[in-house]
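The values are calculated or read from the model by the stated rules, or taken from the named source; none is laboratory data. Since we're looking at a predicted model, the values are computed, not measured. Backbone-built Cβ (ideal geometry, glycine too); neighbour counts: all protein chains shown. Surface accessibility is based on the protein's heavy atoms, side chains included, excluding ligands, DNA and RNA. Shrake-Rupley method; radii C 1.70, N 1.55, O 1.52, S 1.80 Å.
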Protein chains: 2
Amino acid sequence: MTQKSDHIPRATIQRLAVYVQVLENLLREGTEVISSEPLAKACNVNASQIRKDLAYFGEFGVRGVGYYVKSLIESITSALGVDREWRTVLIGVGNLGRALLNHKEFRLRGFNIVGAFDCDPFKIGEEISGLEVVCTKRLKEKIGENGAEIGIITTPPERAQRAANHLVEAGIKGILNFAPARITVPGDINVEYVDIFHHLYALSFNITFGKTD
Amino acid sequence: MTQKSDHIPRATIQRLAVYVQVLENLLREGTEVISSEPLAKACNVNASQIRKDLAYFGEFGVRGVGYYVKSLIESITSALGVDREWRTVLIGVGNLGRALLNHKEFRLRGFNIVGAFDCDPFKIGEEISGLEVVCTKRLKEKIGENGAEIGIITTPPERAQRAANHLVEAGIKGILNFAPARITVPGDINVEYVDIFHHLYALSFNITFGKTD
DNA sequence: TCTTGTGAAAGGGTTCACAGCT
DNA sequence: AGCTGTGAACCCTTTCACAAGA
């Protein structure tokens, strides 16, 4: 998949992920074709927004008809680069780390967790979901073996930066950070932050001060 | 806390949550005063962005000095409406639901989970983290008792809309939806979506096609 | 002197409206 | 006739640059 345009808004990427989610549910319910109008309603966006978002990557629709759900899913996943396996490693085997390691959905979605790391000697050697917990110092060595490209940080906030440094040094290309701390990495490393409380704060604000969309 | 301005960009709210996170870590490390420049660097944003974001709510800084970390945290949390307890209920006691029910951080952050619901008869009556799982049909009754204002959906995608309907009918004001499905609710109900795979998709895209910020 | 707070300018994303296909 | 794809207009957000204040 090649892009037609050089710069693509971050918001577009986020929406594409939403489109895939909605389209997959539509497909599960038996919808084969959909036009931008009802799809937009289901995604809570403007119809031309969808058409413009898709136009960054190509022409996937049929004029007068709409979009074929199945083929549109394939086009978008290809555009996002998720039509393949991604290998990931996880650092920080606490409660959250364990939960993620046991989450089967990662494999189903093509984001295979192939390594679990922690610096706590009591955790090293433990087996979780068929994976042995390894000392974080051996990260580079292990990644050399398994070729993981994405690192998942589930450490406490004060150890997040160190985990990030290890990942960068091991040659990882992207980081998914669950720790409630910002991390600093070289410009060519991609970081995504996941924080439930950010969303709860937004809810709190919207409920309290009445923003209703 | 009252706002100076009527409309506040959604992006501003998201950043305020980041500022709180970073400021709390700074406070833990002993920083008492910080100016917008280094704070901006730590948050990966522009310095005037921070000043403008804060200006929506008031004047929290001291010219020539900067911001007092502790008091800025208080100002922002007050501005977001998170300087109080929020009661929440959770629908969908699967793997994720259980993990969240056992997550102590919710209480620490003031988002108390005071009810757990599921429609599976085998789960009803089970006790998790001191909370008895109750039939979803009794949601309205229970919320009448405990006064929860936020609902957390952790059902499978095909049951998310029904869960949302129950929550709306029970008078909830905001929903945090972990189910991989969009939900439709009346305009005065606030919804936030949490989906790990959206973030992984973004990483995949950025790694593959080289967007490096 | 140093840093905030803010009007004005710049930049980017969203929506509109319609041309172009099927 | 119907719906996509897209240039142009609009709108909102971000950034700049500096006045105001400690």
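Just so you know, in region A:92-105 the residues that are open to solvent by 20 Å² or more (accessible area, probe 1.4 Å) and touching a residue at least 24 places away in the same chain (Cβ under 8 Å) include one that is farthest from the other protein chains (Cβ to nearest Cβ), and it is A:94. The residues listed here are B:105, B:24, B:37; of these, the one that is of a type in the set (Asp, Glu) and within 12 Å of DNA strand C (Cβ to nearest atom) is B:37. Of all residues in region A:106-162, those satisfying the criterion of being more than 14 Å from chain B (Cβ to nearest Cβ) and aromatic (Phe, Trp, Tyr) are A:117, A:122. The numbered conditions (1) of a type in the set (S, T, N, Q); (2) open to solvent by 40 Å² or more (accessible area, probe 1.4 Å); (3) farther than 30 Å from residue B:39 by Cβ are all true for residue B:71 except (3). Here is a list: B:82, B:89. Which entry is facing chain A (nearest Cβ under 8 Å) and touching a Leu at 6+ places or on another chain (Cβ under 9 Å)? Criteria check complete, one pass: B:82.
With respect to the conditions (1) modelled with pLDDT under 95; (2) within 27 Å of residue A:158 (Cα to Cα); (3) of a type in the set (A, V, I, L, M, F, W, C), residue B:33 falls short on a single one, namely (1).
The residues in region A:163-187 that are at pLDDT 95 or above and within 7 Å of chain B (Cβ to nearest Cβ) can be counted, and the count is 6.
Select from region A:55-65 the residues that are out of contact with any Leu (no Cβ under 8 Å at 6 or more places or on another chain), within 13 Å of DNA strand C (Cβ to nearest atom) and open to solvent by less than 60 Å² (accessible area, probe 1.4 Å) and list them in ascending order. Quick ask: steps written out before the conclusion?
Initial filter on region A:55-65 (out of contact with any Leu (no Cβ under 8 Å at 6 or more places or on another chain)): A:55-59, A:62-65.
This time we only want the ones that are within 13 Å of DNA strand C (Cβ to nearest atom), so: A:55-56, A:59, A:62-65.
If the condition is that a residue be out of contact with any Leu (no Cβ under 8 Å at 6 or more places or on another chain), within 13 Å of DNA strand C (Cβ to nearest atom) and open to solvent by less than 60 Å² (accessible area, probe 1.4 Å), then A:55, A:56 are the ones that fit.
Scan region B:159-179 and tell me whether some residue there is of a type in the set (S, T, N, Q), under 16 Å from the mean Cα position of the chain (by Cα), within 30 Å of residue A:87 (Cβ to Cβ) and buried (at least 21 other Cβ atoms within 10 Å of the Cβ). Among the residues of region B:159-179, at least one is of a type in the set (S, T, N, Q), under 16 Å from the mean Cα position of the chain (by Cα), within 30 Å of residue A:87 (Cβ to Cβ) and buried (at least 21 other Cβ atoms within 10 Å of the Cβ), which makes the answer yes. In summary, helices (runs of 4 or more DSSP H) completely within region B:43-146 and bearing 1 or more residues that are among the acidic types (Asp, Glu) occur at B:47-55, B:69-80, B:105-108, B:139-146. Filtering region B:38-74 to residues that are free of Cβ contacts under 8 Å to residues at least 24 places away in the same chain and away from DNA strand D (no atom under 13 Å from the Cβ) leaves B:38, B:42, B:71, B:74. Out of region A:188-213, which residues are outside any loop (DSSP other than H, G, I, E, B) and more than 7 Å from chain B (Cβ to nearest Cβ)? Correct list: A:191, A:193.
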